[in-house]
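Colleague: My questions will all concern the structure given below.
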Amino acid sequence: MVRLVKKGDTYKPEKLEASIMAAGASRDVAKKIVSSVKVREGMSTLELRRQVSDLLKNLDPKAAHNYVLSTNICQGL
């Protein structure tokens, strides 16, 4: 398992897929993004969210907008 910087979280592809789908993307789009992100040890969750956002903008712009809004709310921005 790859550990992310924030709170020592462990990267869980199924959790990422669920958050992408919660933003409105289809399961197929979410799976495509999860398989495309490049996760590495010590990576920040911010960097992971940026990768997801960039990929999602090309595949489902509306879901990308929702994803950015939801991650900003979670951060208190």
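The values are calculated or read from the model by the stated rules, or taken from the named source; none is laboratory data. None of these values were measured; they are calculated from a predicted model. A quick note on method: Cβ atoms are made from the backbone with ideal geometry, for glycine too, and the neighbour counts reach across all protein chains shown.
Colleague: Going by the structure shown, is residue 18 out of contact with any Pro (no Cβ under 8 Å at 6 or more places or on another chain), modelled with pLDDT of 95 or more and surrounded by 15 or more Cβ atoms within 10 Å (Cβ to Cβ)?
Modeller: Numbers: out of contact with any Pro (no Cβ under 8 Å at 6 or more places or on another chain): yes; modelled with pLDDT of 95 or more: yes; surrounded by 15 or more Cβ atoms within 10 Å (Cβ to Cβ): no.
Considered against the rule, which asks whether it is out of contact with any Pro (no Cβ under 8 Å at 6 or more places or on another chain), modelled with pLDDT of 95 or more and surrounded by 15 or more Cβ atoms within 10 Å (Cβ to Cβ), residue 18 comes out as no.
Colleague: Of everything in segment 46-75 that's β-branched (Val, Ile, Thr) and closer than 18 Å to residue 14 by Cα, which residue is surrounded by the most Cβ atoms within 10 Å (Cβ to Cβ)? Spell out the reasoning first.
Modeller: Taking segment 46-75 as the starting set, the residues that turn out to be β-branched (Val, Ile, Thr) are 52, 68, 71, 73.
Then keep just the ones that are closer than 18 Å to residue 14 by Cα; that gives 52, 71.
Values: 52: 24, 71: 19.
Applying the filter and picking the extreme gives 52.
Colleague: Can you find, within segment 30-45, the residue that is nearest to residue 9 (Cα to Cα) among those that are assigned to a helix (DSSP H, G or I) and in contact with a helix residue (DSSP H, G or I) (Cβ under 8 Å, 6 or more places away or on another chain)?
Modeller: Among those that are assigned to a helix (DSSP H, G or I) and in contact with a helix residue (DSSP H, G or I) (Cβ under 8 Å, 6 or more places away or on another chain), it is 45.
Colleague: Also: Before we move on, is residue 3 touching a strand residue (DSSP E or B) at 6+ places or on another chain (Cβ under 9 Å) and modelled with pLDDT under 95? Please lay out each step first, then the result.
Modeller: Values: touching a strand residue (DSSP E or B) at 6+ places or on another chain (Cβ under 9 Å): yes; modelled with pLDDT under 95: yes.
Yes: the conditions hold for residue 3.
Colleague: Taking the stated definitions as given, is residue 25 hydrophobic (A, V, I, L, M, F, W, C), at pLDDT 95 or above and part of a loop (DSSP other than H, G, I, E, B)? Spell out how you get there, then give the answer.
Modeller: Values: hydrophobic (A, V, I, L, M, F, W, C): yes; at pLDDT 95 or above: yes; part of a loop (DSSP other than H, G, I, E, B): yes.
The answer is yes for residue 25.
Colleague: Within segment 28-50, which residues are closer than 18 Å to residue 68 by Cα and either in contact (Cβ under 8 Å) with a residue 60 or more places away in the chain or of a type in the set (Asp, Glu) (or both)?
Modeller: Within segment 28-50, just 47 meets the criteria.
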